[in-house]
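What follows is a short report on a single structure.
The values are calculated or read from the model by the stated rules, or taken from the named source; none is laboratory data. Bear in mind that the values here come from a model prediction, so they are computed numbers and not experimental data. As a convention, Cβ positions derive from the backbone with ideal geometry for all residues, glycine included, and neighbour counts pool all protein chains shown.
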Amino acid sequence: MARHTVDEAEMLDTIEVLHEFRHAVTQRLNEVADGLIALQRWEGPTFVPAIHDVRQWQLWALTEMNREVGQMERNLRTAYNNYLQTAKANARMWGGG
């Protein structure tokens, strides 16, 4: 039977990376939104479709992508907590701690 190990530090690092990614994307999208204000001087037939496309991308990134990456973060945190609880239970059961 193969023995499985979990690198707890790597799990925590990955949780932090996912959290930082979500924060960075949100911050960058806010910067893009601020930059759009400067484009209000832009006129012509391409302005409205361009702004619409940017806003659609922002909406996707702030909702769907953020939700999915957040779910990955929560799943990994749950797996980490489950691993710790299982390790503690095994230690109690088998006298390892």
Which is modelled with pLDDT under 80 and under 30 Å from Thr14 (Cα atoms), of Gly44, Gly96? Gly96
Return a yes/no flag: does the stretch 57-69 have any residue that is modelled with pLDDT of 85 or more and more than 30 Å from Ala33 (Cβ to Cβ). no
Here are Ala87, Ala91, Ala24: which of them is surrounded by 12 or more Cβ atoms within 10 Å (Cβ to Cβ) and aliphatic (A, V, I, L, M)? Ala87
Which residue, of Val32, Val17, Val6, is at pLDDT 85 or above and either under 22 Å from the mean Cα position of the chain (by Cα) or under 30 Å from Asn81 (Cα atoms) (or both)? Val17
Please find, among Val32, Val69, the residue that is farther than 30 Å from Asp7 by Cβ and of a type in the set (Val, Ile, Thr). Val32
In the stretch 23-41, how many are in contact with a helix residue (DSSP H, G or I) (Cβ under 8 Å, 6 or more places away or on another chain) and over 30 Å from Met11 (Cα atoms)? 4
